[in-house]
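Accompanying notes for the structure given below.
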Amino acid sequence: MAFGIKPIKPKKMKIDQIRTEIRKDITAFRRRVIFDDFRGTVKTWKHDTPNFKSEVVERNDFIIKAFLVRDGSLGSNKWFWLNNGTKTRWALMSGDWQSKTKPGTLKAGGGRGRVIVVGKRHLRRPRTGIEDRHWTELIFETRNPEFVAIVNEANRRGVNKIYD
């Protein structure tokens with residue numbers, strides 16, 4: 001029995017197809033979810049709302065960077081203090097004070113009370129600090145599984161397009 005050998009020339013892989021699919025899905029994820037989470041933390045703020053920025057960085061892997069714009073405004077400072085907490089607080093709140101946000105949640109609710117005085121010259125000693133909300137860590141923990149699933153699905157679609 002005779003047989004012949006026929007060489008099969010491999011096609012050049014189109015790796016850019018995979019990267020394009022991943023970039024497209026990550027950008028949609030960033031717009032749809034990440035900003036909603038960050039904005040949800042300040043949804044009930046009437047004044048001094050901070051600005052958030054987000055970008056997709058591509059090095060060896062794709063990374064979403066979402067961050068607070070530290071522009072020195074009162075809104076950005078408030079968000080930073082709430083996210084990271086403080087050791088001391090130089091403000092006196094009314095007795096019925098209830099914060100709009102709570103640690104462990106991304107939702108802002110309706111707080112109550114008012115600030116009576118602010119500043120070191122008005123208070124003899126500092127008050128107990130602000131309890132940290134850890135919003136950035138909470139957003140990462142809740143969204144990372146979805147992010148990984150989106151990247152895997154985009155990778156699968158990109159690999160299927162390589163050989164089309």
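Those residues that are surrounded by 13 or more Cβ atoms within 10 Å (Cβ to Cβ), over 19 Å from G104 (Cβ atoms), in contact with a helix residue (DSSP H, G or I) (Cβ under 9 Å, 6 or more places away or on another chain) and not hydrophobic (A, V, I, L, M, F, W, C), I need them from segment 121-164; list them, please.
E153, N155, R157, G158, K161
Out of V56, V115, which single residue is loosely packed, with under 14 Cβ neighbours inside 10 Å and of a type in the set (A, V, I, L, M)? Working first, answer last.
On the way: V56 fails: loosely packed, with under 14 Cβ neighbours inside 10 Å.
Selected residue: V115, the only one of V56, V115 that is loosely packed, with under 14 Cβ neighbours inside 10 Å and of a type in the set (A, V, I, L, M).
Matching residues to (1) within 16 Å of the chain's Cα centre (by Cα); (2) among the aliphatic types (A, V, I, L, M):
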position	(1), (2)
V33	yes, yes
T41	yes, no
N51	yes, no
E58	no, no
W79	yes, no
L82	yes, yes
M93	no, yes
V118	no, yes
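Every residue, every condition in (1) at pLDDT below 85; (2) under 30 Å from K24 (Cβ atoms); (3) in contact with a Cys (Cβ under 9 Å, 6 or more places away or on another chain), yes or no:
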position	(1), (2), (3)
V69	yes, yes, no
F80	no, no, no
N84	no, no, no
G95	no, no, no
S99	no, no, no
R124	yes, no, no
I130	no, no, no
T136	no, yes, no
N155	no, yes, no
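Which condition number in (1) under 15 Å from the mean Cα position of the chain (by Cα); (2) surrounded by fewer than 16 Cβ atoms within 10 Å (Cβ to Cβ) is the one that L68 fails?
Going through the list (1) under 15 Å from the mean Cα position of the chain (by Cα); (2) surrounded by fewer than 16 Cβ atoms within 10 Å (Cβ to Cβ), L68 breaks only (2).
Taking the conditions exactly as written (modelled with pLDDT of 80 or more and loosely packed, with under 11 Cβ neighbours inside 10 Å), does K9 satisfy them or not? Walk me through how you get there before you give the answer.
Working: modelled with pLDDT of 80 or more: no; loosely packed, with under 11 Cβ neighbours inside 10 Å: yes.
When the stated conditions are applied, K9 does not pass them.
The values are calculated or read from the model by the stated rules, or taken from the named source; none is laboratory data. Worth saying up front: this structure is predicted, and the values here are computed from it rather than measured. Don't worry about glycine lacking a Cβ; one is built from the backbone with ideal geometry, like all the others, and counts go over all protein chains shown.
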